[in-house]
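See structure below.
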Amino acid sequence: MSFLEDFQASLEPLPNILQRKYALLRDLDKSLQGVQRQNEQRCLQEIEEFKEGVKSGSIAPGTSLSKFSDEAQDEQKHAIRIADEKVALAVQAYDLVSVNVYFVIEFVPRVEIFV
């Protein structure tokens, strides 16, 4: 098998690999949107509960909400982990394509000289 035939054979699985990575990215998008929506609702609820506490007098006026609940913070951390995973997948997809494009740009014209 020639060098170019080897390269062509290495390209054949690329569309399927990219398709799987993009499908996983879409799944992660859906998951991230769900976590973000849930976290937004939780934070809004906690803010409302704080406001009600101030109105009812159970929380002194001038007191600030120093932080959201541990559950809200855990959801935010989970969202960050999902986003990090999406970035890693996007980098992998970029690298797969980039290596092959670089090869075509740099080496194919040189090989054609010798053919």
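The values are calculated or read from the model by the stated rules, or taken from the named source; none is laboratory data. Bear in mind that the values here come from a model prediction, so they are computed numbers and not experimental data. Methodologically, a virtual Cβ is constructed for each residue, glycine included, from the backbone with ideal geometry; neighbour enumeration extends over all protein chains shown.
Brief remarks follow.
- Looking across the range 44-61, just one residue is surrounded by 12 or more Cβ atoms within 10 Å (Cβ to Cβ) and either modelled with pLDDT of 95 or more or under 24 Å from Asp95 (Cα atoms) (or both), and that is Gln45.
- Residue in the range 1-31 that is surrounded by the most Cβ atoms within 10 Å (Cβ to Cβ), counting only those that are among the small types (Gly, Ala, Ser) and over 28 Å from Gln76 (Cα atoms): Ser10
- Some residue of the range 62-85 being exposed (fewer than 14 other Cβ atoms within 10 Å of the Cβ), in contact (Cβ under 8 Å) with a residue 40 or more places away in the chain and of a type outside the set (A, V, I, L, M): no
- Of all residues in the range 1-21 being hydrophobic (A, V, I, L, M, F, W, C) and under 28 Å from the mean Cα position of the chain (by Cα), the one that is farthest from Ser69 (Cα to Cα): Leu11
- Of the residues making up the range 22-41, those that are among the charged types (D, E, K, R) and over 12 Å from the mean Cα position of the chain (by Cα) are Arg37, Glu40.
- Applying the condition of being among the charged types (D, E, K, R) and free of Cβ contacts under 8 Å to residues at least 40 places away in the same chain to the range 8-43 and asking which residue is nearest to Tyr94 (Cα to Cα) yields Arg20.
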